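J.: Pasting a structure here, questions to come.
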Amino acid sequence: MRTSKMKISLALVSCVLLVCVVNAEDAVVEEVTDSSSEKAASAIEKVQYVSPEPDGDVYLAEHFDNPEAIGTKWVKSQAKKEGTDESLAKYDGLWAIEPASKEPIPGDLGLVMKSKAKHAAISALLEKPFHFTDKPLIVQYDVTLQNGQECGGAYLKLLQYDKEMRLSQFTDKTPYTIMFGPDKCGNDHKLHFIFQHKNPKNESFEEKHAKKPSTKLDEYFSDKKPHLYRLQVYPDNTFDVSVDYKIINKGSLLEDMVPPVNPPSEIDDPEDRMPSDWDEREKIPDPAAVKPEDWDEDAPEQVIDENAVKPSGWLEDEEIMIPDPTAVMPDDWDEEMDGTWEAPLIENPACESAPGCGKWTPPMMPNPEFKGKWRAPLIDNPNYRGKWRPKKIPNPEYYFDPNPFHMSSIGAVGIEVWSMSDNILFDNVIVTDEKDVADQWAAATFDIKRELVDSDGVSHNFYVLLI
Ligand SMILES: *[C@@H]1O[C@H](CO)[C@@H](O)[C@H](O)[C@H]1NC(C)=O
């Protein structure tokens with residue numbers, strides 16, 4: 001049976017003591033009582049989740065419902081990561097195919113990255129390579145960050161096609177064509193769409209990043225719910241990125257990537273130097289101004305306040321601190337060994353009610369004669385020529401690639417991540433060139449999962465298909 005081909009309406013049913021309440025608003029059955037349950041049973045067919053079949057042409061469609069998929073279709077990386085500590089050097093993060101930890105649907109399994117702070121990589125060949133010609137590329141999958149996400153990625157890499165792809169050696173150095181999906185560290189929430197653009201002049205590749213979406217992404221990382229990520233790249237060089245069917249970023253490969261796909265046709269001449277007589281100063285000190293004769297540059301900033309008077313009651317003869325008259329020399333004090341014993345100092349109680357004790361000195365005050373260093377006032381510079389800029393020359397590295405959509409062919413899909421939060425569930429990966437196929441695939445997988453999660457508060461054990 002291919003559920004995908006049927007027009008179905010799904011309803012969630014919770015059964016308690018043979019009383020079933022259908023939650024969907026457009027439900028056919030409102031209440032099923034004990035006496036009518038047999039009749040109802042013939043109208044409704046209880047189905048556990050059914051692993052879907054893609055309804056059309058795909059390059060890869062993976063529901064991860066087969067626990068044997070790891071080791072056959074999906075290959076774990078056995079590689080060592082270059083240039084890191086020996087302790088981190090291995091791709092030894094664990095992968096498992098297992099049900100969701102919360103609200104699992106019977107029969108629905110996912111690919112789970114099990115390890116914290118380890119490099120983990122796994123990949124699978126496409127059924128046939130994707131060549132960028134006249135059809136769009138659609139990549140879609142869902143992710144559940146089952147333990148949230150502190151720092152780490154949950155993105156896919158679409159690996160560059162090669163006649164001999166060595167998936168067991170998949171690392172961060174493996175050439176990829178597109179990197180797509182969520183990534184977060186601290187408060188930096190990202191939804192990557194990066195592609196490798198081949199410089200037509202020297203054939204080297206450079207990463208081009210889609211500009212940051214303006215939508216807030218925080219919730220996708222924190223709510224621990226399944227989210228559906230979709231990237232569509234079209235032969236007219238436009239793209240869009242959506243989460244849960246909502247477009248959150250779109251644009252043109254020619255205009256909205258950083259750095260731009262095509263370099264500027266002119267650049268500043270690196271050889272050009274500012275002429276020595278070029279005056280960039282907009283204002284200058286007035287050369288005609290002279291220091292006024294009464295300007296004393298040496299007058300101090302603060303002077304003694306001659307008008308200050310000693311507050312009455314000031315006790316000049318009392319010390320601020322005095323030896324504690326109640327202190328006694330400890331019995332074990334040995335004057336020969338420890339030196340002469342002195343009582344510890346305490347605040348002089350006689351000063352408590354007085355405005356002050358000890359020698360009185362008048363306070364300082366700002367000097368009314370203080371002027372500081374004399375400076376000539378500023379006037380407009382008659383020689384001002386504006387800010388100097390080097391002259392423009394044709395960019396020697398210029399090229400114009402009118403069709404960046406023509407990326408390197410894709411041969412495999414991989415996940416190569418490092419994460420501080422474990423138990424990231426990946427599911428329902430599809431690579432296709434038909435939007436309907438992606439829609440249908442999501443309806444048969446993600447939609448069901450999401451509906452179950454969104455109806456929380458009630459424990460649902462079954463999906464009921466109303467025909
Ligand atoms: C190719 O050209 C780009 C841009 O001019 C430059 O950054 C890059 O280093 C060059 N690569 C090679 C391999 O020459």
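The values are calculated or read from the model by the stated rules, or taken from the named source; none is laboratory data. A quick note: this is a predicted structure, and the numbers were derived from the prediction, not measured. In this analysis, Cβ positions are derived from the backbone assuming ideal geometry, glycine residues included, and neighbour counts consider all displayed protein chains. Surface areas here come from the heavy atoms of the whole protein model, side chains and all, with no ligands, DNA or RNA. Shrake-Rupley method; radii C 1.70, N 1.55, O 1.52, S 1.80 Å.
J.: Using a probe radius of 1.4 Å on heavy atoms only, what accessible surface per residue do you get for the chain? Whole Å² is fine.
T.: Numbers: 26990 Å² over 467 residues.
Here the residues of the chain average 58 Å² of exposed surface.
J.: Name the residue from GLY313, TYR161, MET329 whose Cα lies farthest towards the positive end of the charge dipole of the chain, charges +1 on Cβ of Lys and Arg and -1 on Cβ of Asp and Glu.
T.: Farthest towards the positive pole: TYR161.
J.: Taking amide H atoms as placed 1.01 Å from N in the peptide plane, list the residues 5 or more away in sequence, or in a different chain, whose amide H sits under 5 Å from that of LEU126.
T.: Residues meeting the criterion, in which the H sits 1.01 Å from N, are ALA412, VAL413.
J.: For region 151-190 and region 352-427, write down the distance between their C-alpha centroids in whole Å.
T.: So the two Cα centres are separated by 32 Å.
J.: Given Cβ point charges of +1 (Lys, Arg) and -1 (Asp, Glu) and nothing else, what value in debye, to the nearest 20, does the dipole of region 212-365 about its Cα centre take? Numbers along the way, then the final one.
T.: On the way: 13 positive and 40 negative charges, 432 e Å.
Taking the Cα centre of region 212-365 as origin, the dipole is about 2080 debye.
J.: Quick one: what are the phi-derived ³J(HN,Hα) couplings along region 231-243, Karplus 6.51/-1.76/1.60 with θ = phi - 60°, whole Hz, x for glycine and proline?
T.: In residue order, the calculated couplings are 10, 10, 10, 10, x, 8, 6, 9, 8, 8, 10, 10, 10 Hz.
J.: Mind checking the angle between helix 435-444 and the chain's longest principal axis? C-alpha axes, 0 to 90 degrees, to the nearest 10.
T.: 90
J.: When the Karplus curve 6.51 cos²θ - 1.76 cosθ + 1.60 is applied with θ = phi - 60°, which whole-Hz ³J(HN,Hα) does each residue of region 164-174 get, with x for Gly and Pro?
T.: Result, rounded to whole Hz: 10, 8, 9, 4, 5, 10, 5, 9, 5, 8, 4.
J.: Could you work out [θ]222 nm for the chain from helices alone, using -39500 (n - 2.57) per DSSP H run of at least four and dividing by all its residues? Round to the nearest 500 deg cm²/dmol. Can you show the working numbers first?
T.: Details: 5 runs with 35 residues, N = 467.
My calculation for the chain gives -2000 deg cm²/dmol from helical runs alone.
J.: Next question. So what are region 274-341's ellipsoid semi-axes, whole angstrom, largest first, if each one is the square root of 5 times an eigenvalue of the alpha-carbon gyration tensor?
T.: Values: eigenvalues 864, 152, 21 Å².
Three semi-axes, in Å: 66, 28, 10.
J.: Amide H neighbours of ILE320 under 5 Å, counting only residues 5+ apart in sequence or on other chains, H built in-plane at 1.01 Å?
T.: none
J.: Between region 238-256 and region 303-320, what's the alpha-carbon centroid distance in Å?
T.: So the separation of the two Cα centres works out to 77 Å.
J.: Also, I was wondering about something else. Nearest 20 debye, what's the magnitude of the dipole of the chain about its Cα centre given +1 on Lys and Arg Cβ and -1 on Asp and Glu Cβ? Walk me through the numbers on the way to the answer.
T.: Numbers: 50 positive and 87 negative charges, 760 e Å.
In total the dipole reaches around 3660 debye.
J.: DSSP loop trypsin sites (Lys or Arg not before Pro) in region 356-439 with at most 11 other Cβ atoms within 10 Å of their Cβ, which ones?
T.: Details: sites: LYS359, LYS371, LYS373, ARG375, ARG385, LYS387, LYS391, LYS392, LYS435; in loops: LYS359, LYS371, LYS373, ARG375, ARG385, LYS387, LYS391.
Within region 356-439, the qualifying trypsin sites (Lys or Arg not before Pro) (loop, at most 11 other Cβ atoms within 10 Å) are LYS359, LYS373, ARG375, LYS387, LYS391.
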